[in-house]
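Peer 1: First the structure, then my questions, so here it is.
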Amino acid sequence: MSKFDDLDRARRAINKHRTRRSCDQFIRFLPIALRSLQLSNEAITMPKAAHRTSGPNAASNRKEPYPKTSSTNKNPVDKENADPKSKSNASPKVDKSADKGDWRDIPLDEAKGEIPCYDNAATVRRKLKKLLSDKSTIPGNNKKWSQVSMTAEMQELENRGHPVEYKHNASGPSPRSLGNFLKKTGQMGAGDSPCYYWGYVMLEKLRIYNGEKKSKPRLEAEEKLPTGHVRWDPKTTRMWCGPGLPMPSADEMNNAAR
């Protein structure tokens with residue numbers, strides 16, 4: 001073995017020892033290096049950039065944790081630190097309909113001992129059917145309009161008002177008379193029914209209660225018929241005419257004043 005072979009063997013042994021020592025040191029400090037690298041990555045993590053960073057819609061494209069800018073909400077409310085009792089101290093909603101009082105007590109002008117009906121029977125019938133089809137609630141309670149509840153309201157108005165004369169020995173509003181009234185046709189069909197009179201009174205009180213204005217036909221009827229329509233049905237009414245006097249037409253009977 002030559003001298004050069006001994007030197008080469010010694011060099012390889014020294015390099016092997018250095019390599020093994022370096023590996024041991026690398027394995028020993030590897031967890032510390034990885035932990036340091038993880039902490040540094042968490043510290044420099046930034047939110048994702050929006051696709052559009054300029055223009056009028058830049059604020060809407062901005063990602064969290066940056067809050068959206070708003071020109072109206074300059075003082076946002078801290079919901080997490082808000083006082084839970086603050087909601088209970090808020091002013092409750094006030095039912096404005098309760099301030100109007102009972103709609104049944106609204107007074108109406110009278111003429112010749114009763115409230116004049118300025119709407120004919122067909123108009124009252126149409127308005128009553130609209131109340132039933134809309135299924136709205138009766139003012140003052142949660143009941144919906146039906147033929148039963150509508151009859152009950154008419155009977156309550158009759159009890160609060162003074163007696164009114166009915167024809168054909170009628171005894172006041174009832175579910176049966178209301179059903180017959182709604183089935184009739186013509187301008188003054190079933191005009192002699194108690195449901196025509198108290199139905200008009202009920203609709204007039206509801207109109208005033210809801211703050212609705214009078215229609216143009218209603219204003220014309222007040223001028224033409226100061227005392228309201230005659231509560232009769234031309235198909236069932238019998239009239240005696242003197243000699244030489246013409247019989248009134250159906251239109252004249254439908255628009256006859258009391």
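Peer 1: Which residues, taken from the range 189-219, are among the acidic types (Asp, Glu) and either under 12 Å from residue 117 (Cα atoms) or in contact with a Phe, Trp or Tyr (Cβ under 6 Å, 6 or more places away or on another chain) (or both)? Don't jump to the end; show me each part of the working.
Peer 2: Within the range 189-219, the first condition is being among the acidic types (Asp, Glu), and the residues that meet it are 192, 204, 212.
Result: 192, 204.
Peer 1: Name every residue in the range 131-155 that is farther than 23 Å from residue 232 by Cα, among the charged types (D, E, K, R) and surrounded by 12 or more Cβ atoms within 10 Å (Cβ to Cβ), in order of residue number.
Peer 2: Scanning the range 131-155 gives 143, 144.
Peer 1: In the range 221-239, which residues are surrounded by 12 or more Cβ atoms within 10 Å (Cβ to Cβ) and either of a type in the set (Asp, Glu) or closer than 14 Å to residue 117 by Cα (or both)? Before the answer, list the steps.
Peer 2: Going through the range 221-239, the residues surrounded by 12 or more Cβ atoms within 10 Å (Cβ to Cβ) turn out to be 221-222, 225-237.
Residues satisfying the conditions are 221, 222, 225, 226, 227, 228, 229, 230, 231, 232, 233.
Peer 1: Among the residues of the range 205-216, which ones are more than 24 Å from the chain's Cα centre (by Cα) and either surrounded by 12 or more Cβ atoms within 10 Å (Cβ to Cβ) or β-branched (Val, Ile, Thr) (or both)? Give the steps one after another, and end with the answer.
Peer 2: Keep residues of the range 205-216 that are more than 24 Å from the chain's Cα centre (by Cα), which gives 214-216.
214, 215, listed by residue number.
Peer 1: Also: Looking at residue 166, is it in contact with a helix residue (DSSP H, G or I) (Cβ under 6 Å, 6 or more places away or on another chain), surrounded by 20 or more Cβ atoms within 10 Å (Cβ to Cβ) and not polar (S, T, N, Q)? Explain how you work it out, then say what you get.
Peer 2: Values: in contact with a helix residue (DSSP H, G or I) (Cβ under 6 Å, 6 or more places away or on another chain): yes; surrounded by 20 or more Cβ atoms within 10 Å (Cβ to Cβ): no; not polar (S, T, N, Q): yes.
Judged against the criteria, residue 166 is not a match.
Peer 1: Can you name the condition, by its number, that residue 160 falls short on among (1) farther than 27 Å from residue 216 by Cα; (2) at pLDDT below 90; (3) not β-branched (Val, Ile, Thr)?
Peer 2: (2)
The values are calculated or read from the model by the stated rules, or taken from the named source; none is laboratory data. Since the model is a prediction, treat every value here as computed from it, not as a measurement. Here the Cβ is made from the backbone with ideal geometry for all residues, glycine too, and neighbour counts use every protein chain on show.
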